[in-house]
Amino acid sequence: MAVDAAAETLKGEMSGQGWQVDPDDEWGIAVITTVGRQLKLRREAVGMRAGDFAKAVGYGEDMVYKIESGKRIPRPEYLDKADDVLGAGGLLSAMKEDVQKVRYPKKVRALAEMEAKAVEIGLYECNIIAGLLQTAEHARAVIGAAQPPYSPDDVERMVAARLARRSVFERVPAPSIHFVLEEAPLRRQVGGTMVWRRQLEHLLEVGQLNSVSLQVMPTNTDAHPGLDGRIELLKFSDGKAVGRSDGLFNGRPVSDPKQLRILELQYGTIRAQALPPRESLAFIQKLLGET
């Protein structure tokens with residue numbers, strides 16, 4: 001992926017269109033259209049009407065038509081049931097791997113691809129806990145709080161996409177990952193006390209990884225460059241990089257070396273002003289002890 005083109009993915013995680021394919025996702029549309037066509041051909045080959053098939057797999061007839069016409073992304077269990085009902089011998093179930101990739105919005109897939117290639121990731125987050133650090137329950141609560149609200153399918157798709165990005169922690173060799181989080185979001189009991197506690201426990205677990213540096217910016221501190229919003233930087237093995245700041249360059253992703261140096265200066269200042277990693281983990285542990 002070219003850095004200039006990839007930079008656009010850093011504008012944020014996109015919600016997508018629920019279980020519909022993103023309209024600008026040509027590859028996704030091609031995959032789902034092919035899957036839908038194969039489902040329809042298999043159903044017609046055994047002489048089963050759409051209404052009867054819908055009852056057999058436990059879905060509405062309208063959904064069957066949408067999936068077969070490539071307008072909706074089938075769930076993995078739909079493919080398993082279709083394979084069983086149509087006697088496909090595993091051929092339909094085998095399509096789950098491609099469908100699994102398409103279910104994530106295009107820009108989230110691109111962001112995950114960038115993170116998978118980066119050798120260094122730096123992120124300052126001011127209003128929320130960074131997506132890479134969120135538990136499933138925390139992510140579900142944050143996404144579910146949107147207005148207007150997302151449908152349940154929208155929420156689950158977005159949560160799954162966010163959790164899939166966490167595979168970056170399992171890479172070998174692992175990238176160097178730096179997080180700076182503001183104190184305020186750490187104190188916000190998103191999802192209730194138990195969800196909040198589990199989120200803090202997860203931060204402690206991730207913060208102890210050798211490849212991760214996790215810092216907390218205390219609320220009671222002087223002004224710093226992050227007051228304008230989040231900052232993110234990704235660096236790659238070929239020496240190229242891409243970054244973005246809410247408060248600079250109109251919030252656009254940048255890859256120009258001069259602009260990147262400004263982002264690096266801001267991020268470096270923020271890291272220097274935040275609590276050191278060991279003190280940050282102790283601070284999170286103290287929050288846990290206050291409940």
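When segment 64-88 is examined, which residues are found to be at pLDDT 90 or above and of a type in the set (A, V, I, L, M, F, W, C)? Those that are at pLDDT 90 or above and of a type in the set (A, V, I, L, M, F, W, C): V64, I67, L79, A82, V85, L86, A88.
Hey, does segment 38-61 have a residue that's outside the structural domain of E156 (by TED's automatic domain parsing) and closer than 21 Å to A160 by Cα? Looking for residues that are outside the structural domain of E156 (by TED's automatic domain parsing) and closer than 21 Å to A160 by Cα, one finds none in segment 38-61, hence no.
Yes/no per residue for (1) assigned by TED's automatic domain parsing to the domain that holds L39; (2) modelled with pLDDT of 90 or more; (3) under 17 Å from the mean Cα position of the chain (by Cα):
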{"site": "G90", "(1), (2), (3)": "yes, yes, no"}
{"site": "L111", "(1), (2), (3)": "no, no, yes"}
{"site": "K117", "(1), (2), (3)": "no, no, yes"}
{"site": "I121", "(1), (2), (3)": "no, yes, yes"}
{"site": "L133", "(1), (2), (3)": "no, yes, yes"}
{"site": "A139", "(1), (2), (3)": "no, yes, yes"}
{"site": "V142", "(1), (2), (3)": "no, yes, yes"}
{"site": "E156", "(1), (2), (3)": "no, no, yes"}
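For segment 71-99, residues that are buried (at least 20 other Cβ atoms within 10 Å of the Cβ), basic (K, R) and touching a Leu at 6+ places or on another chain (Cβ under 6 Å) total 0. Of all residues being part of a strand (DSSP E or B) and of a type outside the set (V, I, T) in segment 150-182, which is surrounded by the fewest Cβ atoms within 10 Å (Cβ to Cβ)? Just the residue, please. This residue is S176. Using the structure shown, decide if R271 is surrounded by 13 or more Cβ atoms within 10 Å (Cβ to Cβ), at pLDDT below 95 and under 21 Å from I128 (Cα atoms). Taking the combined requirement at face value, the residue does not satisfy it. Sub-7 Å Cβ pairs linking a first residue in segment 171-195 that is in contact (Cβ under 8 Å) with a residue 60 or more places away in the chain to a second residue that is among the basic types (K, R) and surrounded by 16 or more Cβ atoms within 10 Å (Cβ to Cβ), at least 6 apart or interchain, are H178/R271; V180/R271, ordered by first then second residue. Does segment 256-266 contain at least one residue that is surrounded by fewer than 19 Cβ atoms within 10 Å (Cβ to Cβ), under 26 Å from the mean Cα position of the chain (by Cα), at pLDDT below 95 and outside any helix (DSSP H, G or I)? Within segment 256-266, one or more residues are surrounded by fewer than 19 Cβ atoms within 10 Å (Cβ to Cβ), under 26 Å from the mean Cα position of the chain (by Cα), at pLDDT below 95 and outside any helix (DSSP H, G or I).
Can you pull out every residue in segment 183-201 that is closer than 22 Å to E279 by Cβ and outside any loop (DSSP other than H, G, I, E, B)? Hits for segment 183-201 are E183, A184, P185, L186, R187, W196, R197, Q199, L200, E201. Every test in (1) part of a strand (DSSP E or B); (2) surrounded by fewer than 14 Cβ atoms within 10 Å (Cβ to Cβ) is passed by K235 save one, and that test is (2).
The values are calculated or read from the model by the stated rules, or taken from the named source; none is laboratory data. On a predicted model such as this, the values are computed, not experimentally measured, just so you know. Here Cβ is always computed from backbone atoms with ideal geometry, including for glycine, and neighbour counts include all displayed protein chains.
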